[in-house]
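One structure is given here, and the rest of the page talks about it.
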Amino acid sequence: MLLSRILQLSRDYCTKREVFGRYLADMPLHMNTLAKMEVDTRGCVLFVMDVCRLLSLGEADMSTESQSYLLRLLVPVLKLFTAKKAVAVISEGLESFGGFGYLEDTGLPVFLRDAQVLPIWEGTTNVLAMDLLRSIVKSDGKTLEAYHWEVHNRLMACKRTGCVDDAIKKCLDNLNQITKSFKSVISNSEAYSVEVVARDFAFAVAEVYTGLVLIEQATSLGGSVNDKAVASRWCSQPISIQPLDCYSTAVPAVDRLLVMDGYRLQIDNVS
């Protein structure tokens, strides 16, 4: 996996590179940056594995109707979210090497080029966000309902362990927020643009579900101190949903004015 590989290389390099008389591994700011990369990588890995579990249940004809709806919703979300995370984490990883991260001789730049194709091929981020909306509309909201109760019930099961309570509470609050916000947009199409909310909604769905699988790892029998730290750090971050005013029906017109400001359409005369 590209994320794990660049993290391994960055981790090894920080124990060898000296700056201002200290190894990078001894610099809190540098280690904090690598720690954020580690949190993102662990979250993506667990998200992928959980969706693979759902896919396997479906292929074996063992999934419930709710799990089938959940899988339909999560597939486009998983692809768009992990693809974007891959580009961001790998870019940060190359930066951790300084100038060496840019030089072709090191073989490092190819990581970013390989990652950049992920949010492009097999559906761009916006296309997948619209596919998420389609899954909700075509199922009469059943995919979103399956998602909400799956996350809610599994978080409540984790709550009984007495671990990472703050992370669980934050994840539950975020879950309720995105469900409430999306239903408000859908039910009031005269005031809000469903298309405008699609991208932020997709990322928020992914962020909450990633929080769930990280919490499950932290509260499992084999959950380590580091697993608990990862879950707490992930869930302390704000999710992508913005205040509803950001998705009003006035936004598309303003967006167009901003983008096209100063642009003059050129049409060549054809004789």
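The values are calculated or read from the model by the stated rules, or taken from the named source; none is laboratory data. What you see is a predicted model, and the numbers here were worked out from it, not measured in a lab. Ideal geometry is used to build each Cβ from the backbone, glycine not excepted, and the neighbour counts take in all protein chains shown. The area values use the complete protein model at the heavy-atom level, side chains included, leaving out ligands, DNA and RNA. Shrake-Rupley method; radii C 1.70, N 1.55, O 1.52, S 1.80 Å.
Annotation: of all residues in the stretch 8-57 being in a loop (DSSP other than H, G, I, E, B) and in contact with a strand residue (DSSP E or B) (Cβ under 9 Å, 6 or more places away or on another chain), the one that is most open to solvent (accessible area, probe 1.4 Å) is K16. Just one of the listed residues (V254, V196) is among the hydrophobic types (A, V, I, L, M, F, W, C), in contact with a helix residue (DSSP H, G or I) (Cβ under 7 Å, 6 or more places away or on another chain) and either over 28 Å from V75 (Cβ atoms) or not in a loop (DSSP other than H, G, I, E, B) (or both), and it is V196. Cβ-Cβ contacts under 9 Å between residues 6 or more apart (or on different chains), taken from a first residue in the stretch 114-137 that is within 21 Å of L70 (Cβ to Cβ) to a second residue that is of a type in the set (S, T, Y) and buried (at least 18 other Cβ atoms within 10 Å of the Cβ), are listed as L132/T143; S135/Y69; S135/T143; I136/T143. For the stretch 162-185, the set of residues classified as in contact (Cβ under 8 Å) with a residue 24 or more places away in the chain and either of a type outside the set (A, V, I, L, M) or open to solvent by 10 Å² or more (accessible area, probe 1.4 Å) (or both) consists of C163, V164, D166, K170, C171, N174, Q177, T179, S181, F182, S184, listed by residue number. All of (1) modelled with pLDDT under 95; (2) on the phi < 0 side of the Ramachandran plot; (3) not in a helix (DSSP H, G or I) hold for G162 with one exception: (2). Looking only at the stretch 130-147, decide whether some residue is in contact with a Phe, Trp or Tyr (Cβ under 7 Å, 6 or more places away or on another chain) and either open to solvent by 20 Å² or more (accessible area, probe 1.4 Å) or not in a helix (DSSP H, G or I) (or both). Yes, because at least one residue in the stretch 130-147 is in contact with a Phe, Trp or Tyr (Cβ under 7 Å, 6 or more places away or on another chain) and either open to solvent by 20 Å² or more (accessible area, probe 1.4 Å) or not in a helix (DSSP H, G or I) (or both).
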